[in-house]
Amino acid sequence: MWRYLLPITVFVVIVGFFYRGLYLNPGFVPSPLLGKPAPEYDLPRLKDPSQTVGSKDYDGQVALVNVWATWCIECRHEHPYLVELAQTGGIPIYGLNWKDDRARALEWLDTLGDPYAASAVDATGEVAIDWGVYAAPETFLVGRDGTVLYKHISRMTPAVWEREFLPRITAECGGLPCTAASAP
């Protein structure tokens with residue numbers, strides 16, 4: 001009897017794991033940064049490497065930090081929406097240009113538009129590692145106190161903005177002037 005009970009038990013456990021897996025969101029990767037201070041950094045600016053940009057630039061305000069690169073296909077897909085979002089007068093978007101070619105990145109922004117208040121060059125990828133970046137694009141929502149409020153992996157879309165970012169921005173700002181405009 002025991003030799004039949006063990007295989008049946010193992011089978012039931014395996015089926016349970018598979019059944020549970022059906023209801024997991026494969027796009028959800030939890031970030032250990034949520035609710036914690038955003039990593040501090042100070043990197044050369046993309047447009048003027050003699051100057052720097054970093055976490056101090058958005059200190060005290062709600063901001064987006066968008067990780068992007070010209071080699072990233074999804075970054076190209078999200079870029080027009082970021083340009084549109086930046087023009088709504090909502091919250092500032094800071095770019096983190098990740099392991100990219102500077103000349104290509106500058107050409108990209110000149111050709112497609114520049115949604116960033118400033119874009120930092122993370123040539124080695126060390127800052128992206130501090131942020132826990134898995135792939136580009138990734139967008140982080142940083143609160144006025146410098147904590148990471150939300151992390152979105154994949155491209156920004158109007159639906160993602162409305163569903164994930166606006167409620168968090170509204171909660172963070174409490175209807176004060178930092179409230180971002182509705183999605184364009």
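The table that follows gives values for the structure above.
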{"quantity": "Out of Tyr4, Tyr41, sole residue that is modelled with pLDDT of 65 or more, hydroxyl-bearing (Ser, Thr, Tyr) and within 30 Å of Glu126 (Cβ to Cβ)", "calculated": "Tyr41"}
{"quantity": "Any hit, region 96-114, residues being closer than 19 Å to Ser55 by Cβ, in a helix (DSSP H, G or I) and without any contact (Cβ under 8 Å) to a residue 60 or more places away in the chain", "calculated": "no"}
{"quantity": "Residue in region 72-93 that is surrounded by fewer than 19 Cβ atoms within 10 Å (Cβ to Cβ), small (Gly, Ala, Ser), within 27 Å of Gly35 (Cα to Cα) and touching an Asp or Glu at 6+ places or on another chain (Cβ under 9 Å) present", "calculated": "no"}
{"quantity": "Which numbered condition Thr139 misses (of (1) outside any helix (DSSP H, G or I); (2) surrounded by 16 or more Cβ atoms within 10 Å (Cβ to Cβ); (3) out of contact with any Lys or Arg (no Cβ under 8 Å at 6 or more places or on another chain))", "calculated": "(3)"}
{"quantity": "Residue match in region 98-115 (condition: small (Gly, Ala, Ser) and crowded, with 22+ Cβ neighbours inside 10 Å)", "calculated": "no"}
{"quantity": "Filter result for Ala63 (out of contact with any Lys or Arg (no Cβ under 8 Å at 6 or more places or on another chain) and without any contact (Cβ under 8 Å) to a residue 24 or more places away in the chain)", "calculated": "no"}
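The values are calculated or read from the model by the stated rules, or taken from the named source; none is laboratory data. Here the structure is a predicted model, which means the values were calculated and not measured. Cβ coordinates were reconstructed from backbone atoms using ideal geometry, including for glycine residues, and neighbour counts include every protein chain displayed.
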